1. With respect to VAL58, determine if the residue is under 20 Å from MET1 (Cβ atoms) and among the β-branched types (Val, Ile, Thr).
2. Among LYS76, LYS32, LYS52, which is the only one that is in contact with a Pro (Cβ under 8 Å, 6 or more places away or on another chain) and at pLDDT 90 or above?
3. Residues of region 24-52 being in contact with a Phe, Trp or Tyr (Cβ under 7 Å, 6 or more places away or on another chain) and of a type in the set (Gly, Ala, Ser), which ones?
4. Looking at region 1-120, what strands (runs of 3 or more DSSP E) fall wholly within it and have at least 3 residues that are open to solvent by less than 60 Å² (accessible area, probe 1.4 Å) and of a type in the set (A, V, I, L, M)?
5. Looking at VAL58, VAL33, VAL49, can you tell me which residue is touching a strand residue (DSSP E or B) at 6+ places or on another chain (Cβ under 7 Å) and either more than 15 Å from ASP99 (Cα to Cα) or without any contact (Cβ under 8 Å) to a residue 24 or more places away in the chain (or both)?
6. If THR133 meets every condition in (1) open to solvent by less than 60 Å² (accessible area, probe 1.4 Å); (2) modelled with pLDDT under 95 apart from one, which number is that one?
Amino acid sequence: MRWCHEACLALPGAGVDWPFGPDADVFRVHRKVFALLMTNPRVSEHPFVNLKAEPAEVPLLIAAHDGILPGYHMNKRHWITVVLSPATELDLVGELIEDSYDTVVAGLPARLRSSLRSLGGGRRGDGPVDGSTV
């Protein structure tokens with residue numbers, strides 16, 4: 001869970017807040033949500049992260065991966081839930097986090113997008129270097 005939290009915050013302009021209480025980390029870029037990290041035993045015994053996805057990719061991701069579900073408490077057309085179990089592939093989660101972030105950034109006004117480019121930040125290929133898990 002810590003790795004996922006750090007991966008979200010490593011993106012340019014990303015921040016976190018807790019509008020739903022201390023058990024749900026909400027990651028935003030320019031006030032737009034791109035990830036929600038939480039736990040709920042009704043969904044999974046493991047923590048999970050809700051991520052935005054392209055509507056055409058949502059059913060494909062769900063069909064291709066056991067740990068990807070329709071977005072919990074989100075619009076099922078635009079959001080997926082990724083269960084962060086020990087079997088979860090960190091590379092896949094990292095890509096999905098970046099895809100979610102990129103999808104949200106693409107919807108921002110041009111002036112806000114250009115301000116993010118100047119921030120830079122780590123991108124694909126940046127994963128845990130200490131061998132930690134999700």
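The values are calculated or read from the model by the stated rules, or taken from the named source; none is laboratory data. What you see is a predicted model; the values in this text were computed from it and never measured. Cβ: placed from backbone, ideal geometry, glycine included. Neighbour counts: every protein chain shown. Areas reflect the complete protein model, heavy atoms only, side chains present, ligands, DNA and RNA absent. Shrake-Rupley method; radii C 1.70, N 1.55, O 1.52, S 1.80 Å.
1. Details: under 20 Å from MET1 (Cβ atoms): no; among the β-branched types (Val, Ile, Thr): yes.
So VAL58 does not fit the description; no.
2. Values: LYS32 fails: in contact with a Pro (Cβ under 8 Å, 6 or more places away or on another chain); LYS52 fails: in contact with a Pro (Cβ under 8 Å, 6 or more places away or on another chain).
The conditions single out LYS76.
3. ALA24, ALA35
4. Here the list reads 24-29, 32-40, 79-83.
5. Values: VAL33 fails: either more than 15 Å from ASP99 (Cα to Cα) or without any contact (Cβ under 8 Å) to a residue 24 or more places away in the chain (or both); VAL49 fails: either more than 15 Å from ASP99 (Cα to Cα) or without any contact (Cβ under 8 Å) to a residue 24 or more places away in the chain (or both).
From the options VAL58, VAL33, VAL49, the qualifying one is VAL58.
6. Result: THR133 passes all but (1).
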